[in-house]
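Asker: Please see the structure below; I have some questions.
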Amino acid sequence: MSTPSAPAAGTLLDVRGLHVHYGKSHVLHGVDLRVARNEVVSLLGRNGSGRSTAMKAVMGLAPPSSGSIRLDGRELAGARPYTVCRAGIGYVPEEREVFANLTVDENLRMGEQPPAAGAHRWSIEQMFDYFPRLKERRNTRAGSMSGGEQQMLTICRSLLGNPRLMLIDEPTEGLAPRIVAQVGECIVDMHRKGLSVVLVEQKLAIALKVSTRVCVMGHGRIVFEGTPGELTADRQLVADWLAV
């Protein structure tokens, strides 16, 4: 797997002072997150650190109590998920949500949208190049597929929305090593084709390999931001915030 190059100049996603509450529970405490055009940023941290909530807040699934979420200067804080999607953000949830009664082919076609301005146009044939297993099972109902196959399908369906930014939450959880490698190569190629990615990933090795920059979260805040090399060089930080 090749290492991504440095990010292009210019901010695509700009999150500032983001607070999220679930009822009386204060989950995010003033998160600041910036993602450049053509950059892969991994959000790292232990379970419960707020990574998935940050993704859901950007996607409009966890409305912020306060703060700003801007995509290329457009304010999206509090917008409905369909508005966020149409603005150019794709989302791959941890839950691998597929249309269980539809075939692989039908699921993929459900995801097809015209590309956002400046976005790469993805095709179903490209998806089959990434994951040949999906081509083999294109007429199979998604509900009867394995978890790994459903994860491939969810990633591809989101890509076919032709976003400018992809939010990917725990894509390798519970997958076999061979499929983990395929997912990693897919993310690297997304970056190669100019797509920005925010990745929540528990496997530190894969996150460091595909990322241009990493942010570590703890207790609902960003506690570190830097390059993969800067993170691995700080053993105390890794021990304090990432070690199990």
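Values in this text are rule-based calculations from the coordinates and carry no lab data. On a predicted model such as this, the values are computed, not experimentally measured, just so you know. Neighbour counts run over all protein chains shown; Cβ positions are idealised from the backbone, glycine included.
Asker: Normalised by the number of residues in the stretch 11-241, what is the relative contact order in percent for Cα pairs under 8 Å and 6+ residues apart?
Answerer: In percent, rounded to a whole number, it is 27.
Asker: Note the full-extension length gain between GLN202 and ARG178 as 0.36 nm times their separation in residues minus their Cα-Cα distance, in nm to one decimal.
Answerer: Length gained between GLN202 and ARG178: 7.0 nm.
Asker: Find, among the GluC sites (Glu not before Pro) in the stretch 166-216, those assigned to loop by DSSP (not H, G, I, E, B) with at most 15 other beta-carbon atoms within 10 angstrom.
Answerer: GLU173
Asker: So, one more: For the chain, build the charge dipole from Cβ charges (+1 Lys, Arg; -1 Asp, Glu) around the Cα centre, then report which of PRO115, MET217, GLY48 sits farthest towards its positive end.
Answerer: PRO115
Asker: Now for a different question. Quick one: Cα centre-to-centre distance for the stretch 197-220 and the stretch 14-29, in angstrom?
Answerer: With the stretch 197-220 and the stretch 14-29 each reduced to a Cα centre, they are spaced 20 Å.
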